[in-house]
Structures are given as structure tokens and as C-alpha cells.
Amino acid sequence: MKGNCLITNDVETTSILNGGLRDETGVKVWQQGMPRLLDLYAKYDVKSTFFFIADFVEKYPEIVKMIQPFGHEVACHGLTHEHDKAFDVLNLQEQTEHLKKAKSILENIAGEEVISFRAPALRVNQHTPQALAEAGFRIDSSVAPQRMDMFMTLGAKNKLQWFSAPRTPYKTADDNLARKGNSPITEVPVSSFVFPYIGTFMRISPFISNLTRYFLYLETKNTEKAINFLIHPNELIDEEDLRKKAERRSRNPISHLLTGVLRKHLKKKNLGENAQFLLEKELIFWKNRNYEFQNVKDFVEKNNE
């Protein structure tokens with residue numbers, strides 16, 4: 001049985017080096033990070049999904065058009081990545097309007113239907129499944145089952161539900177993306193095994209990431225469960241020439257220490273070409289084991305999820 005590997009990308013203007021959302025970081029994502037990713041994906045015949053922030057691509061529509069000739073999926077990462085507009089602090093009406101506007105922007109630029117969504121910072125609440133359905137989405141990828149580092153991320157309280165979330169794709173509950181139910185939304189979880197299988201951990205600790213990858217491989221090699229690896233194009237850019245004073249992400253001193261100071265310090269490791277090198281090793285691992293690289297939409301449609 002051939003395994004399935006989904007390489008998914010969150011495309012935003014967050015500066016890992018400086019913190020905050022920065023237009024100059026977005027330009028580097030477009031002109032440096034995206035070409036590096038696309039070259040790697042072409043080299044290993046990867047069909048991937050790119051979750052775009054809509055207000056970013058409205059300024060730089062070329063960033064969407066550059067992925068389409070390669071057969072990658074255009075997906076939605078929301079309208080903005082601003083923390084005060086995260087989905088776990090918005091009500092149903094606000095989320096629905098936010099999603100509809102983001103979807104419209106992306107579809108107008110891409111010229112194709114956009115049905116897959118991932119929340120910024122994976123922050124969602126009880127209204128998100130209904131808002132996604134009302135806005136015309138059919139797929140979500142905002143849950144990371146049994147991920148244990150959530151306390152170092154924003155929105156940690158709502159992410160406690162990840163402890164008991166299903167590990168394989170499922171139809172969600174109407175009021176909870178982390179529970180099975182009968183909503184029209186299919187959840188495709190981000191892979192994790194205590195630690196998340198994401199670009200951040202790949203860079204912070206290649207050893208821990210390799211262990212996580214190995215256990216996920218054992219779990220998936222004889223099943224139809226998909227690997228879902230998450231990375232950001234901003235991890236592959238060089239920002240030393242843009243170094244500035246970092247912005248504070250939270251007013252709470254404990255949250256600031258965990259999500260601002262400590263996490264930010266760790267996240268600076270192995271950026272730019274080092275991240276590109278580490279990502280290539282991940283692609284080689286799955287390629288050598290005959291895993292099929294698919295985008296999220298094709299995987300769900302193929303498996304009738």
C-alpha cells in the first residue's frame with residue numbers, strides 16, 4: 001500500500017526574526033521563500049497545498065499565480081493574521097463574514113474554487129465549523145491531535161481539545177472541529193506525535209523532529225492515514241538585513257514569556273537556506289519510502305472523506 005504525504009504551507013507575512021506582521025517580510029516570502037519551496041517541490045514531484053492570507057495576496061496576487069502551473073492547491077489561511085482577529089475570539093457572524101471575504105479575494109485571483117482552510121495559529125472555536133460551512137468551505141486543517149507543546153502557542157486554552165482529537169481525517173461536529181460529527185466539513189489533522197510535525201520543530205531540533213517523523217511513519221506505513229507536514233515559506237527567507245526591535249505578542253506576562261520570549265528565541269534557529277536543506281531531507285525520506293505527495297483537496301476527494 002502506498003502511503004500518503006501532504007506537504008502544506010501557511011503563506012503569511014509574519015517575521016520570525018523580528019516578530020509581527022511586516023510588508024517587507026511578505027515581499028521576501030514572495031520573492032525568495034516561495035521560489036525556494038517551489039524548486040524543491042518540483043525536484044521531488046510534490047503536489048502541495050498553500051494556505052494563503054487573503055489581505056497579503058490582494059497586494060501581491062503574483063504569489064498565488066506562481067503556484068498554479070505546478071498543480072498545487074490554492075487554499076485559505078483567513079483574511080488576516082492579526083492576533084486580535086483570530087478565529088477563537090470572533091463570533092459566528094464575524095467569522096462567516098471574514099471567511100466569505102477571504103474566499104472571494106482568493107477565488108478572484110486564482111480563478112478557481114477554494115474549499116480548504118487552515119486557521120492562523122490553528123486558533124478556532126465552537127463557531128468555526130458552522131462559519132466554514134456557511135462560507136462554502138468543505139475541508140479544514142486546523143487541528144493537531146495529541147500535540148503537547150500547545151502551551152507555548154497562542155490560544156492554548158481552546159487547543160486542550162486536541163488531546164482527544166481523532167488522528168485520521170473525519171467529518172467534524174457542528175460545534176467542534178476536534179470532534180467527529182455530521183457537519184459537511186472534513187478535518188485533515190496536522191500530524192503530531194507528542195511534538196508537532198512542522199517546520200518549526202524541524203528547525204529547532206532536527207533530532208526530535210526525526211523521532212517524530214519515524215513514529216508517524218510506523219503509524220502510517222500500512223494504513224491510508226496521511227502524513228500532514230506544515231511549513232511556512234517565511235522559514236526559508238533571510239531577514240538579517242531587516243532586523244528590528246521585536247513586537248510584544250501578548251500583554252499577559254506568562255504568555256509573553258512562553259509565546260513571545262522563549263518560543264521566539266527558539267524559532268530563530270536554522271532559518272533561510274538551512275531550513276531549505278532540512279526540508280529537502282524530509283522530502284527525500286518520504287520519497288524513498290514511496291509515499292505519494294498529494295494536495296489536501298485531491299487527497300480528500302480520492303478517499304471520499
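Among all positions in the stretch 105-112, there is at least one residue which is over 25 Å from Leu160 (Cβ atoms), in contact with a Phe, Trp or Tyr (Cβ under 9 Å, 6 or more places away or on another chain) and buried (at least 23 other Cβ atoms within 10 Å of the Cβ). Could you say whether any residue in the stretch 110-124 is out of contact with any Ser or Thr (no Cβ under 8 Å at 6 or more places or on another chain), assigned to a helix (DSSP H, G or I) and free of Cβ contacts under 8 Å to residues at least 60 places away in the same chain? Within the stretch 110-124, one or more residues are out of contact with any Ser or Thr (no Cβ under 8 Å at 6 or more places or on another chain), assigned to a helix (DSSP H, G or I) and free of Cβ contacts under 8 Å to residues at least 60 places away in the same chain. So, in the stretch 206-245, exactly how many residues are part of a helix (DSSP H, G or I), modelled with pLDDT under 85 and open to solvent by less than 80 Å² (accessible area, probe 1.4 Å)? Here the count works out to 1. Would you check if Asp88 is modelled with pLDDT under 95 and open to solvent by 70 Å² or more (accessible area, probe 1.4 Å)? No. Restricting attention to the stretch 114-130 and to residues that are among the polar types (S, T, N, Q) and open to solvent by 10 Å² or more (accessible area, probe 1.4 Å), the residue that is nearest to Thr14 (Cα to Cα) turns out to be Asn125. Residues in the stretch 185-205 that are assigned to a helix (DSSP H, G or I) and of a type in the set (A, V, I, L, M) were compared, and the one that is least open to solvent (accessible area, probe 1.4 Å) is Met202.
The values are calculated or read from the model by the stated rules, or taken from the named source; none is laboratory data. No experiment lies behind these values; they were computed from the predicted model shown. No Cβ is skipped: glycine too gets one built from the backbone with ideal geometry, and neighbour counts run over all protein chains shown. Only protein heavy atoms, including side chains, enter the accessible area calculation; ligands, DNA and RNA are left aside. Shrake-Rupley method; radii C 1.70, N 1.55, O 1.52, S 1.80 Å.
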